[in-house]
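The values are calculated or read from the model by the stated rules, or taken from the named source; none is laboratory data. Because the structure is predicted, anything quoted here is derived from the model rather than measured. Glycine also receives a Cβ, built like all others from the backbone with ideal geometry; neighbour counts cover every protein chain displayed. In case anyone asks, the SASA skips ligands and DNA or RNA and just uses the protein heavy atoms, side chains included. Shrake-Rupley method; radii C 1.70, N 1.55, O 1.52, S 1.80 Å.
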Amino acid sequence: MSTPIVARSARYGGGRMLWKQLTANRFTALAVACVVAIVLLALLAPWLAPDSPTSVHLSQRLSPPSARHWFGTDEVGRDLFSRILYGARISVGVGLGSVLLAALAGTLLGAFSGYWGRWADQGIMRLMDILLSFPSIVLAMALAAALGPNLLNAALAIAIVKLPVYVRLARAEALSISRQLFVKAARTFGLGSGWIVTRHIIPNLLPPIVVQITLDLGDTILLIATLGFLGLGAQPPTPEWGAMISVGWKYLLDQWWYPTLTGAAIFITVMSFNLLGDGVRDLLDPRRHEEGGRTS
Amino acid sequence: MTESVLQVEELTLSFRTAAGLIRVLRGVSFDIRAGELVGLVGESGSGKSVTAQAVARLLPEETTVVESGRILFAGRDVCTMTEAEMREIRGRRIGYVFQEPMTALNPAMTVGDQLMHVIRHHHGCSRREARQRVQRALEEVLIHQPDLVARQYPFELSGGMRQRIVIALAMSANPALLIADEPTTALDVTVQAEILKLILRLARQHGTAVLFITHDLGVVSQICERMVVLYAGEVVERGPVREILRHPNHPYTRALLRAVPDVARRGEPLQAIPGELPDLRHLPPGCVFAPRCVHRMERCDTRPPLRGSGDTAVACWWSGQEVPNR
Amino acid sequence: MLVFVLFGVTLCTFFMSHVIPGDPAQMMAGPHASADTIRSIRRQLGLDRPLWVQYGTYLWGLLHGDLGVSIRTQQPVIHDLAAFFPATLELVLYAFLLAIVTGIPLGVLAAVKRNTVWDYAARVVSLGGVSVPVFWSGLVLILLFYARLGWLPASGRLDPSLPPPPTITGLYTVDSALTGYWADFFNSLWHLVLPAVTLSYVQLSIIVRQVRSSMLEVLGKEFILTGRANGLGRGFLIVRYALRNALVPTITVIGLSIGSLLGGAVVTETVFDWPGMGNYVVQSIASLDFPAIMGFTVVIGAAYVLINLVVDLLHYALDPQIRR
Amino acid sequence: MTVQARDTRAVAAAEPILTLHQVQKRFLVRKRGIRVETVAADQVSFTVRRGEVFGLVGESGSGKTTLANLVMGLEAPDGGEISFCGRVIASPGRRPPFPYGDIQMVFQDPRSSLNPRMRVHQILTEPLRAVSPERRAQFGSEAALVELLGQVGLRPESLHRFPHEFSGGQRQRIAIARALVTRPKLVLLDEPTSALDVSVQAQVIQLLQSLQAEFGLTYVFISHNMGVVRYFCDRVGVLYRGRLVEVADTDTLFSAPSHEYTRRLLDAVPTWSHAGAERLVEEAPNGGV
């Protein structure tokens, strides 16, 4: 904790600059391109997909990749390419949703916890310790099972699992920002803690939170797929990647493309987001290096 | 006249950054004779620390470009040596003391062990002998309980104590040159005085030449014989400390002496230097100090060479002429 | 701490499973069960009593090593888990060793040879590891080494034709070596290759990333410069100065990454049909067997807390600032 | 110990603006798991008179920061009381109302004391949030702010810039402007030049001097730089381990220090002009150049 965060955050100014710096590194530029492509594919799925992701054609079940069905079809003859495209909507959308939920709640809790201290801090941090004392996938499994297996509950479970990361990060940053002289200055003016937290602490702890969000996106998408694979997330016939593999698994030896291509979609998506996360971190927060990495 | 330990000749050095090459030293020249204490004085961005690190070749190789010039240590150019040759020189012939005694020591090793490793590296002696040498090294930097201190970790010691350890490390091989990079800046005044006395005493005892980097004119006046004044990566003036402090020749040195209040002086009005320190990326084409100089004239738009006789040299077009007194 | 955490987590999962989704008896019985069936399940589970009594009963049982009775197997959950535990331990242990032995040197190499081919290779490898779904990498390995090449077995701990070694520790490789069942020894090692590699890849990547970054951070510290200025050799500085200091944060991360190892074991065991706790819990999930799921969660939580206790002890040994 | 104020100057007659009376502050610090009590302010008493520059000097751990926090109302004393313009503003136990806006502070490091996410306009108006609406309206208008910026030597367009667009010296000017926006009577200067380069330091000191006359300010100047203290302060108090060991007017303190620690401190300060120069060199065993 040597360089104060505020000194670092002066490094960038404005979105255009950020974009320029992001694309300066070849790896990161590749990641940006991949992420943009994936998001576009997900958004445009209804127009790009050759077929509905749920329309059944029993006569064409388990057909190999062809000009008509680029990735082949599944066990009831649904077009796999279309299902994977629609799957991107679910993975990216739900992933983003649960990370943002965790980040929002975590930032607020952590910022107040860090600045205010005392019993609120103690209480919040002990609660986070409990959440952190479980391997996150196991906790996510338990929570998702307890809430009842469906996509929404899986997203909620992941948000809960990710929450302590943000609370801790926000709290640590809030503590170090509180030691900055501008916070002391604001106190000498006679300003209250509500003003100080919202005007001084939170704006300055946003950069590391943004970094953490981009770092977590890949992991979250992975968690959703894993829960889906274990039957704790989206349920068939929803075109969710993990759930698709848990069904397609049976056809590994004879129709290898079915689970393999679906898994490749997960892999590429998660890798693109992770690469982007690394790039954003190196840019905005050079002090923090890889930490943890993944949870599932 | 004694032989030079170190000669820096027309050293021009740049850093590779995301924004392109930044030239941090421009034609820096000075020398240090055996057993002599030379002060390298400047403000931030003047290049004083860069010069020191370049001499010991401690700058990161990937981002440092020596554009021209030489750094001769005992007659050999440091810039062209191999890393293996350099390792023979670092520590053994050139000792180095850093500004922050807090971070200059390995936090996970006792002070004694750190000294032991370095001493065994230099002298290749047995453990037992090394242990005795550690003891002596600690005594030499005036640590009264060497046994106790040797068993402690850096974080258990005060800043002054840590700096003594760093000095003991640097002096352990009895080097010909000691580079002290702002060794007292992070310390309290009373501790600073002790450390200065220590460095001075060790240098005298062992005949070690010292390159002392500082921004504090008071410190220079107390322990150095000659000084080199740097501004924005250039030597603007160099010469014996006594002469420069009495009769500064460069407008920057003169302005600096008038701008810094000294304890021994009261009543003389302070004269602030107008303007800000220059941005190394956008230096003026001529004299680097010209934009802030009260004696600026047309000629100052071309770069003045460092001219002088003997030990004294000044980079100013006014030098040798009568400067209008202001 | 352990007690506190277990208390907290049982509280969380218990109330979540009992309060939020409505009636667990209804869920367990399925949508078409009659009211009578549901009532009997409620009585059987003690669901007709007040919630805090139920929780008290559960905690009381937990203190006595009683995790309830599995709905699916009708066996005490603790017995089921005990039976499956050694298989999981064996898998996790080998994966962990593999990850440590390869991850730390690779991370050091990447940091020391920064921005060279070595570094890029290590970064690509580790990026893959943090991005790959375990169920997919397992699947690809099976397809390649079992289905295509036929080199390695893809399921179970031992060929069905071989009798398992006498139980001492429950770890087949250890037991067979101790009792001289060499056929079992090699066969069980053979079976371990694919699942252990699959599982360790994730942790390996985390370790590589962490070692690389903390090495880079430490190598940039001033005391490394002091060491260089004092003429110490590069190898000595890397190992005794840099790695020694880099290990402190690394050990924390390794401890935390065991979490992903334990979590990954669930998926790996499913993929390779490995008869461990993970396989057991996945089957329990399929039949919404709450006592089994909770029992598994509690056991894993306890193991995780114990591991992190060990990490704290290692910290104590490595970091003089904590020791003094 | 007798603490004598040997003041002969004109301000001696002026009324007191800030008085510390036997102020006491203790902290509990954990050292290797054991709680140790450190006394950061031990029976500190002194008076600052209207219109003077009162220096507080001491090394790290002397309790300078604690005293500043106590005067600014950030911490409550364990004993004694602090009064400002005749009213008690700090005493142990209950917290008396604090005259926000009448006492301001300028901090050591302008890189840290200005929020990097705020524009200069926001930075300058922040202290006005805690003062009366009339004062806010009077000094918070754009015209008033621009005038204030001019007084500290900054251009009007600076108002809409971020701190990182300024140099260190300019940032300290912004910080000074912020301290003056409420038109305080007393300004605490906590090492305001120590983070600046020496060639910029003099600009800031001169600015502070001219502002003192312009705004009729009283300064408490906390520093470890004895040269600056000698130049800038009318009277000086020397702090050593939480105790005020000596208070004297500047010339007396520097020419005839009465406390042993003050002597040690002054001896340690390197000086270059006339007498003091090259003292260490001549002291050295093998001496001579």
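Kirkwood Rh and Cα-based Rg: tell me the resulting Rg over Rh for segment B:104-172, rounded to two decimals.
Working: Rg = 10.7 Å, Rh = 11.6 Å.
Taking Rg over the Kirkwood Rh, I get 0.92.
What's the whole-number percent of alpha carbon pairs in segment D:68-206 lying beyond 23 angstrom? Can you show the working numbers first?
Numbers: 3655 of 9591 pairs.
Tail of P(r) above 23 Å: 38 percent of Cα pairs.
Restricting to Cα pairs below 8 Å that are 6+ residues apart, what does the relative contact order work out to for chain C? Please round to a whole percent. Spell out each step's value before the answer.
On the way: 365 pairs, mean separation 80.2, N = 324.
Computed value for chain C: 25 percent relative contact order.
Evaluate 2.2 N^0.38 Å with N set to the residue count of chain B, then give the Cα radius of gyration divided by it.
Working: Rg = 20.7 Å, N = 326, 2.2 N^0.38 = 19.8 Å.
Here the Cα radius of gyration is 1.04 times the empirical estimate.
On C-alpha positions alone, give me the angle between the axis of helix C:277-286 and the longest principal axis of chain C, in degrees, nearest 10.
Tilt of helix C:277-286: around 50 degrees.
So for the protein assembly as shown, taking the charge dipole from beta-carbon charges (+1 Lys/Arg, -1 Asp/Glu), which of A:GLY97, D:LEU154, C:ALA99 sits furthest toward the positive end?
Of A:GLY97, D:LEU154, C:ALA99, it is D:LEU154.
Order B:PHE73, C:PHE7, most accessible first, counting only protein heavy atoms with a 1.4 angstrom probe.
Values: B:PHE73 5, C:PHE7 95 Å².
Greatest to least solvent exposure: C:PHE7, B:PHE73.
Computed over the Cα atoms, what is the radius of gyration of the protein assembly as shown divided by 2.2 N^0.38 Å, N being its residue count? Provide the component values of the computation, followed by the final result.
Working: Rg = 35.4 Å, N = 1235, 2.2 N^0.38 = 32.9 Å.
Scaled against compact globular proteins, the figure is 1.08.
Can you give me the solvent accessible area of C:MET294 with a 1.4 Å probe, rounded to the nearest 10 Å²?
20
Rounded to the nearest 500, what is chain C's calculated 222 nm mean residue ellipticity when only DSSP H runs of at least 4 contribute -39500 (n - 2.57) each, over all residues?
Details: 14 runs with 232 residues, N = 324.
Result for chain C, helices only: -24000 deg cm²/dmol.
What is the sum of charges around A:VAL99, taking Lys and Arg as +1, Asp and Glu as -1, for the other residues whose C-beta is under 13 Å from the C-beta of A:VAL99?
Details: positive: A:LYS162; negative: A:ASP216, A:ASP219.
Once all neighbours under 13 Å are counted, the net charge is -1.
Any chance you could tell me what percent of the C-alpha pair distances in segment A:41-284 go past 26 Å?
For segment A:41-284, the share of Cα pairs beyond 26 Å comes to 48 percent.
Please list B:CYS316, A:CYS34 in order of solvent-accessible area, largest first, computed with a 1.4 Å probe with all protein chains present.
Numbers: B:CYS316 10, A:CYS34 45 Å².
Per-residue accessible area, sorted high to low, gives A:CYS34, B:CYS316.
At a probe of 1.4 Å, how much accessible area disappears from chains B and D on forming the pair, both sides counted, to the nearest 100 Å²? Kindly include the intermediate steps, with their values, before the conclusion.
Working: alone 16180 and 14990 Å², together 27000 Å².
The buried area between B and D, both sides summed, comes to about 4200 Å².
May I have the extent of the alpha carbons of segment A:142-296 along their three principal axes, as whole Å values ordered from largest to smallest?
72, 34, 20
Can you pull the one-decimal nm distance between simple spin-label points at D:ASP102 and B:GLU139, each 7 Å off the Cα toward Cβ?
Roughly 6.4 nm, to one decimal.
Under DSSP H, which helices of chain B have Cα atoms covering 24 Å or more of the helix axis and a Kyte-Doolittle average no less than -0.5?
Working: long enough: B:189-206 (26 Å, 0.49).
The qualifying helices are B:189-206.
How much area per residue is accessible in the protein assembly as shown when the probe is 1.4 Å and only protein heavy atoms are counted (Å²)? The partial results should precede the final answer.
Details: 50100 Å² over 1235 residues.
On a per-residue basis, the protein assembly as shown sits at 41 Å².
For q values of 0.13, 0.19, 0.28 Å⁻¹, compute log₁₀ I(q)/I(0) with the Debye formula on a Cα-only model of segment C:63-132, without solvent.
The Cα Debye sum returns log10 ratios of -0.60, -0.81, -1.14.
What total accessible surface area, summed over both chains, is buried at the interface between chains B and C, computed with a 1.4 Å probe and given in Å² to the nearest 100? Numbers along the way, then the final one.
Working: alone 16180 and 17500 Å², together 31380 Å².
Looking at B and C, the buried total is near 2300 Å².
As I understand it, the value is the acute angle between the Cα axis of helix C:2-19 and the longest principal axis of the Cα atoms of chain C; what does it come to in degrees, rounded to 10?
50
How big is the antiparallel share of DSSP beta bridges in the protein assembly as shown, given as a percent to the nearest 5?
Working: 57 of 95 bridges.
Roughly 60 percent of the beta bridges in the protein assembly as shown run antiparallel, per DSSP.
Grab the beta carbon distance between B:ARG246 and A:ALA172, set R0 = 41 Å, and tell me the FRET efficiency rounded to 0.05. Walk me through the numbers before you get to the answer.
Numbers: r = 54 Å, r/R0 = 1.31.
So, using R0 = 41 Å, E works out to roughly 0.15.
Each label point is 7 Å from the Cα along the Cα-to-Cβ direction; what then is the distance between the points at C:TRP118 and D:ARG35, in nm?
Inter-label distance under the simple model: 5.3 nm.
Set the Förster radius R0 to 45 Å, insert the Cβ-Cβ distance between D:ALA137 and B:ARG299 as r into 1/(1 + (r/R0)^6), and round the FRET efficiency to 0.05. Let's see the in-between values first.
Details: r = 55 Å, r/R0 = 1.21.
After rounding to 0.05, the efficiency reads 0.25.
Provide, as a two-decimal number, the C-alpha radius of gyration of segment B:148-246 over 2.2 N^0.38 Å, N being how many residues it has.
Working: Rg = 14.8 Å, N = 99, 2.2 N^0.38 = 12.6 Å.
Normalised Cα radius of gyration, segment B:148-246: 1.17.
Tell me the carbon and sulfur percent of the accessible area for the protein assembly as shown, rounded to whole percent, probe radius 1.4 Å. Spell out each step's value before the answer.
Numbers: 29090 of 50100 Å².
That share works out to 58 percent.
Which trypsin sites (Lys or Arg not before Pro) in segment A:50-85 pass both tests, a DSSP loop state and at most 16 other beta-carbon atoms within 10 Å? The partial results should precede the final answer.
Working: sites: A:ARG61, A:ARG68, A:ARG78, A:ARG83; in loops: A:ARG61, A:ARG68, A:ARG78.
Passing sites in segment A:50-85 are A:ARG61, A:ARG68.
Straight-line reach from D:LYS64: which aspartates and glutamates have a Cα under 16 Å away, not including same-chain ones fewer than 8 places off?
B:ASP188, D:ASP42, D:GLU75, D:ASP109, D:ASP190, D:GLU191, D:GLU246
Provide, for q = 0.10, 0.12 Å⁻¹, the log10 of I(q)/I(0) from a solvent-free Debye sum over equal Cα point scatterers in chain D.
Each listed q maps to, in turn, -0.59, -0.83.
Which log10 I(q)/I(0) values, to two decimals, does segment C:158-288 give at q = 0.12, 0.17 Å⁻¹ under the Debye formula with one point per Cα?
With no solvent term, the Cα-only Debye profile gives -0.69, -0.93.
Roughly speaking, what % of Cα-Cα pairs in chain C are separated by over 35 Å, rounded to a whole number? Mind showing how you got there, number by number?
Working: 18937 of 52326 pairs.
Cα-Cα pairs of chain C separated by over 35 Å account for 36 percent.
Do any chymotrypsin sites (Phe, Trp or Tyr not before Pro) in segment A:26-84 lie in a loop, going by DSSP, with at most 16 other beta-carbon atoms within 10 Å of their beta carbon, and if so which? Walk me through the intermediate numbers first.
Working: sites: A:PHE27, A:TRP47, A:TRP70, A:PHE71, A:PHE81; in loops: A:TRP70, A:PHE71.
Listed in order of number, the matching sites are A:TRP70.
Got a sec? What order do C:TRP151, B:TRP318 fall in by accessible area at 1.4 Å, biggest, i.e. largest, first? Spell out each step's value before the answer.
On the way: C:TRP151 155, B:TRP318 40 Å².
I get C:TRP151, B:TRP318, largest accessible area first.
In segment C:125-143, which residues become less accessible by 10 Å² or more once every protein chain is in place, relative to the chain on its own, using a 1.4 Å probe?
By number: C:LEU127, C:GLY128, C:VAL130, C:SER131, C:VAL132, C:PRO133, C:VAL134, C:PHE135, C:TRP136, C:LEU139, C:ILE142, C:LEU143.
Using a 10 angstrom cutoff on alpha carbons, build the Gaussian network for chain A and name the most mobile of A:GLY228, A:GLY106, A:GLY263.
Result: A:GLY263 has the largest fluctuation of those listed.
Counting each DSSP H run of 4 or more residues in chain D as -39500 (n - 2.57), what helix-only mean residue ellipticity at 222 nm follows after dividing by all residues, to the nearest 500 deg cm²/dmol? Could you put the intermediate results ahead of the total?
Values: 11 runs with 94 residues, N = 289.
The helix-only estimate for chain D comes to -9000 deg cm²/dmol at 222 nm.
On average, how many beta carbons from a partner chain sit within 10 Å of the beta carbon of a residue in D:115-123? Intermediate results must be reported in sequence, preceding the final value.
On the way: counts 13, 11, 11, 5, 0, 0, 0, 1, 2.
Across the residues of D:115-123, the mean count of other-chain Cβ atoms within 10 Å is 5.
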